[in-house]
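Engineer: Here's a structure for you.
All of the numbers you see were taken from the coordinates with simple rules; none came from a lab. This structure is a prediction, so every number in the text was calculated from the model and none was measured. Using ideal geometry, Cβ is built from the backbone for each residue, glycine included, and neighbour counts are taken over all protein chains shown.
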Amino acid sequence: MHGIAGSVAQLAKLERALSSAGYETLNLRYAGRHKPIKDLLEDVHRDAAWFLDRAAGRTHFVTHSMGGLVARALINRYRPAALGRVVMLAPPNQGSELADLLARTTAYRRFFGPAGLEIGTKRGERLCQLLGAVDYPLGVIAGSRSLDPFCWLIIPGPNDGRVSVARTAVSGMADSMTIPATHTFIMRNRRAIEQTIHFLRYGYFRSVSW
């Protein structure tokens with residue numbers, strides 16, 4: 001599942017790698033910029049129901065950025081009977097300080113829409129309830145490289161230019177790791193792809209030293 005302004009094309013390399021590893025994939029397009037998360041999860045559930053409700057095999061989720069929040073909400077409300085493992089690439093599980101700042105601008109609000117106001121660090125009880133608790137095998141891969149010096153001034157600590165490493169974490173996750181990748185291209189990063197497949201197979205990330 002792609003991010004708020006992402007596309008299925010951005011996940012094409014990852015999808016091919018998963019297919020080559022033996023997984024049947026559904027790279028689903030959804031209108032991330034035009035609806036709040038509570039409506040996006042309903043759209044995804046409607047369009048992916050045929051894939052999610054199959055009797056054979058386990059259903060894994062692999063997401064980028066806000067796609068992780070949509071997946072959390074979807075699992076919380078419509079958990080597949082044979083839920084497998086979940087890998088999130090650069091998810092704003094605890095929100096983004098950059099979104100906090102930009103949400104004050106008209107341009108941001110117009111472009112990113114309702115969901116753009118939900119990926120900040122300040123969340124209401126209703127959204128927290130929608131996302132639910134993580135009680136399934138979840139692996140989080142964060143990025144630590146940014147090409148924008150402005151973002152390094154806004155986002156505290158190591159970050160990928162959109163989300164800090166610290167704020168990708170969520171209570172209940174099984175494993176996490178950080179790689180030198182940017183938010184925009186982490187889903188195409190060879191290391192991220194290899195680690196995603198490893199987690200789906202074994203439930204943990206492979207130990208490495210860069």
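Engineer: Using 0.36 nm times the number of residues separating A12 and S176, minus their current alpha carbon distance, what extension gain do you get?
Structural biologist: Stretched out fully, the A12 to S176 stretch lengthens by 56.7 nm.
Engineer: Contour minus end-to-end for R126 and I154, with contour as 0.36 nm per residue of separation and end-to-end as the Cα-Cα distance?
Structural biologist: Answer, rounded to one decimal: 7.4 nm.
Engineer: If you don't mind, there's one more thing I want to ask. Provide, in order from the shortest bin, the percent of all Cα-Cα pairs of the chain in each 5 Å bin, continuing until the bin that contains the maximum pair distance.
Structural biologist: Per 5 Å bin, starting at zero, the Cα-Cα P(r) for the chain comes out as 1, 7, 16, 21, 22, 17, 9, 4, 1, 0 percent.
Engineer: Whole-Å semi-axes of the range 14-88's equivalent ellipsoid, largest first, each the root of 5 times a Cα gyration tensor eigenvalue?
Structural biologist: Three semi-axes, in Å: 20, 15, 11.
Engineer: Something else about it: Counting C-alpha atoms alone, how compact is the range 133-210: give Rg to one decimal and Dmax as a whole number, in angstrom.
Structural biologist: So, for the range 133-210, Rg and Dmax equal 12.8, 38 Å respectively.
Engineer: Around S164, which amide H atoms from residues at least 5 apart in sequence, or from another chain, sit under 5 Å from its own amide H, with H modelled in the peptide plane?
Structural biologist: Amide H neighbours of S164: E97.
Engineer: Rounded to the nearest 500, what is the 222 nm mean residue ellipticity of the chain from helices alone, with -39500 (n - 2.57) per DSSP H run of 4+ residues and division by all residues?
Structural biologist: Calculated from helices alone, the mean residue ellipticity at 222 nm is -11000 deg cm²/dmol.
Engineer: Please give the net charge around A9, taking every other residue with its beta carbon less than 15 angstrom from that of A9, where Lys and Arg add +1 and Asp and Glu add -1.
Structural biologist: +3
Engineer: Give me, ordered by chain and number, the residues 5 or more places off V62 or on other chains with an amide H under 5 Å from its own placed amide H.
Structural biologist: For V62, whose amide H was placed from the backbone, the distant partners under 5 Å are V87.
Engineer: Given the peptides 131-138, 61-68, 154-161, arrange them by the average over their residues of other C-beta atoms within 10 Å, most packed first.
Structural biologist: Result, highest mean Cβ count within 10 Å first: 61-68, 154-161, 131-138.
Engineer: Amide H of L83: which non-local residues (sequence gap of 5 or more, or other chain) have their own amide H closer than 5 Å, using H built in the peptide plane?
Structural biologist: Close amide H contacts, sequence-distant or interchain: T59.
Engineer: What distance in nm lies between label points placed 7 Å from Cα along the C-beta direction at L26 and Y136?
Structural biologist: Inter-label distance under the simple model: 1.2 nm.
Engineer: Given labels modelled 7 Å from the Cα in the Cβ direction, how far is it in nm from W50 to S19?
Structural biologist: Each label point is offset 7 Å from its Cα along the Cβ direction, giving 1.7 nm.
Engineer: Which aspartates and glutamates does K13 reach when only Cα atoms under 19 Å apart count, and residues fewer than 8 places away in its own chain are ignored?
Structural biologist: Hits, sequence-local ones excluded: E24, E194.
Engineer: May I pose another question? Convert each backbone phi in the range 93-99 into a coupling constant with the Karplus relation 6.51 cos²θ - 1.76 cosθ + 1.60 (shift: θ = phi - 60°), then list the ³J(HN,Hα) values in order as whole Hz, x for Gly and Pro.
Structural biologist: 4, 10, x, 10, 5, 5, 5
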